[in-house]
1. Taking segment 240-254 as the search range and keeping residues that are of a type outside the set (Val, Ile, Thr), touching a residue at least 40 places away in the same chain (Cβ under 8 Å) and surrounded by fewer than 21 Cβ atoms within 10 Å (Cβ to Cβ), which one is nearest to ligand 1 (Cβ to nearest atom)?
2. Leu291 - would you say it is within 12 Å of ligand 1 (Cβ to nearest atom) and in contact with a Gly (Cβ under 7 Å, 6 or more places away or on another chain)?
3. Please find, within segment 142-190, the residue that is nearest to ligand 2 (Cβ to nearest atom) out of those that are of a type in the set (Phe, Trp, Tyr) and within 30 Å of Ile410 (Cβ to Cβ).
4. Among the residues of segment 202-223, is any open to solvent by 20 Å² or more (accessible area, probe 1.4 Å) and within 16 Å of ligand 2 (Cβ to nearest atom)?
5. Which is touching a Lys or Arg at 6+ places or on another chain (Cβ under 8 Å), surrounded by 17 or more Cβ atoms within 10 Å (Cβ to Cβ) and not in a loop (DSSP other than H, G, I, E, B), of Leu405, Leu446, Leu398, Leu432?
6. Restricting to segment 298-317, and then to whatever is among the hydroxyl-bearing types (Ser, Thr, Tyr) and without any contact (Cβ under 8 Å) to a residue 60 or more places away in the chain, can you tell me which residue is most open to solvent (accessible area, probe 1.4 Å)?
7. Where in segment 330-378 are the helices (runs of 4 or more DSSP H), entirely inside, with at least 3 residues that are surrounded by 13 or more Cβ atoms within 10 Å (Cβ to Cβ) and modelled with pLDDT under 90?
8. Here are Leu30, Leu14, Leu34: which of them is closer than 13 Å to Ala64 by Cα, buried (at least 17 other Cβ atoms within 10 Å of the Cβ) and modelled with pLDDT of 85 or more?
Amino acid sequence: MDVFALWRSVCSKLSSEYGEDVFKSWISPLSVELRHGTILSIIAPNKFLLDWVSNNYASDIKDAVNSETSEIEEIEFRLKSENDSDNYKQSELDIQSDLNDQNSVVSSFNAELAGMLDPRLTFENFVVGKSNEFAYAAAMRVAESDTAEFNPLFIYGGVGLGKTHLLNAIAWHIIHTKPDRKVIYLSAEKFMYEFIKAVRFKNTMDFKEQFRSVDVLMIDDIQFICGKESTQEEFFHTFNALVDKNRQVIISADSSPSDLDGMEERMKSRLGWGLVADVHPTNYELRLGILQHKASTLDYQVPKRVLEFIAQKVTSNVRELEGALNRVVAKAMLTHKEITLEMTTDILSDIIRANDRKVTVEDIQKKVAEHFSIRISDMYSDKRSKNIARPRQIAMYLSKKLTTLSLPDIGRKFGGRDHTTVIHAVKKVEELISTDISFDEDIKILTKAIS
Ligand code: ADP
Ligand code: MG
């Protein structure tokens, strides 16, 4: 039996039954394995997901499987183990971060809070550079403040750039300096999970009480509740109740308040009321600084040249940067060898290749300009004639698709245009793709040429 084909049909059934949101959050991270020809193992990447899925969706999944085939005699749910092959959509790194997120359990007590924070994520261990100095200063200010002068503090930026680190650092700082304060730190996903659970077990009063009685509420990755109406509604009321009482709210997200698609307008506007600070991608100097700091905490001598090499090659984000260093050090420790540039190149070859392949907005502008025989400078010029404006929109669209830059960052690279111009371009191009076959062809050819 083709277990993957089976799982695909089950998934398509569940996705139409549950809708995109629920499906994406809970079902699509699962993978499957067939044991002894008749036992279907459904594998979850972390405990949180495992519990949630087996409590809420098990019977629907079983029904869907049984309606597809009569060959499966038993269905079991289990946690992913190290031996499982990687037919996961998520990378190892994501899974690791999911496991970390799992620790973010609601707590009313600081002792409990301390248990779920990561002890390494403090202000002392946060290396400051140009790209994060503003967010750092804002976080510090809020951590030290007694009056919630900036409410909410909203920190946003790409993956692995230190948002969770800053939130943890604020929490640690408050625990140490003001131990009588009640602090809650949790991911938006966990907030939703707690909320749904409360609704299910009819104790929303406790839920509300728990969240509305804190001095500091921190919610990590708020974009998770985009498009989830009832959770948003609840969050909105919690948020207002706290801000009205002058309690500090701290939020992180992957984009600015106004760019949070699927977030209600009133929520977007309130999120932007306080202090909004972004973390940008790192530059070489900061990456080297982070590596040096990290290396100094290890009992292992890492040559300067190796650190420089990693800082130069691994540019995607700090999480990957740290991962690269860890890998090199682990290898050296296990094989009792000294760390050299040669072994580093060897061990990190896959990461280096992935980073080298990274597409930049400049590449896209160049290729698109060539394709339409216009000048690269037209990409940032003010010219509005269609034969120039259209290619420019295409380049913006491809920048959104093929890079990890935020909309405002993309706008900046096109002659300082506003992010709404980029949104408009993306929409326009998507519309043309779906209505004009030759246009669609053009985009496909360009995409291929660029990546
Ligand atoms: P995000 O929440 O933005 O996705 P994280 O805060 O989880 O990113 O950061 C990913 C990893 O990189 C963490 O291990 C964190 O400690 C580390 N990191 C990020 N920025 C810095 C920094 N400026 N200094 C030291 N470590 C950092
Ligand atoms: Mg994070």
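1. Here is the first cut: in segment 240-254, the residues of a type outside the set (Val, Ile, Thr) are 240-242, 244-248, 252-254.
After this cut, where a residue has to be touching a residue at least 40 places away in the same chain (Cβ under 8 Å) as well, the list is 246-248, 252-254.
Right, trim to surrounded by fewer than 21 Cβ atoms within 10 Å (Cβ to Cβ) and you get 246-247, 254.
On the way: Asn246: 27, Arg247: 23, Asp254: 8 Å.
That would be Asp254.
2. Values: within 12 Å of ligand 1 (Cβ to nearest atom): yes; in contact with a Gly (Cβ under 7 Å, 6 or more places away or on another chain): no.
Spelling it out, it is not the case that Leu291 is within 12 Å of ligand 1 (Cβ to nearest atom) and in contact with a Gly (Cβ under 7 Å, 6 or more places away or on another chain).
3. Taking segment 142-190 as the starting set, the residues that turn out to be of a type in the set (Phe, Trp, Tyr) are 150, 154, 156, 172, 185.
From what's left, within 30 Å of Ile410 (Cβ to Cβ): 150, 154, 156.
Numbers: Phe150: 21, Phe154: 14, Tyr156: 11 Å.
Within segment 142-190, the match that is nearest to ligand 2 (Cβ to nearest atom) is Tyr156.
4. First, the residues of segment 202-223 that are open to solvent by 20 Å² or more (accessible area, probe 1.4 Å): 202-206, 208-210, 212-213, 215, 221, 223.
Right, trim to within 16 Å of ligand 2 (Cβ to nearest atom) and you get 221, 223.
So far as segment 202-223 goes, yes, one or more of its residues are open to solvent by 20 Å² or more (accessible area, probe 1.4 Å) and within 16 Å of ligand 2 (Cβ to nearest atom).
5. Working: Leu405 fails: not in a loop (DSSP other than H, G, I, E, B); Leu398 fails: touching a Lys or Arg at 6+ places or on another chain (Cβ under 8 Å); Leu432 fails: touching a Lys or Arg at 6+ places or on another chain (Cβ under 8 Å).
Step by step, each of Leu405, Leu446, Leu398, Leu432 is checked, and only Leu446 is touching a Lys or Arg at 6+ places or on another chain (Cβ under 8 Å), surrounded by 17 or more Cβ atoms within 10 Å (Cβ to Cβ) and not in a loop (DSSP other than H, G, I, E, B).
6. First, the residues of segment 298-317 that are among the hydroxyl-bearing types (Ser, Thr, Tyr): 300, 315-316.
Next, from what is left, pick out any that are without any contact (Cβ under 8 Å) to a residue 60 or more places away in the chain: 300, 315.
Numbers: Tyr300: 61, Thr315: 36 Å².
Looking at the filtered set, the residue picked out is Tyr300.
7. Numbers: elements: 341-347, 349-356, 361-371.
It comes to 349-356.
8. Numbers: Leu30 fails: closer than 13 Å to Ala64 by Cα; Leu34 fails: closer than 13 Å to Ala64 by Cα.
Unique residue meeting the criteria: Leu14.
The values are calculated or read from the model by the stated rules, or taken from the named source; none is laboratory data. For clarity, every value in this text was computed on a predicted model and none was experimentally measured. Note that we place each Cβ from the backbone using ideal geometry, even for glycine, and neighbour counts take in every protein chain shown. Calculation scope for accessible area: heavy atoms of the full protein, side chains included, ligands and nucleic acids excluded. Shrake-Rupley method; radii C 1.70, N 1.55, O 1.52, S 1.80 Å.
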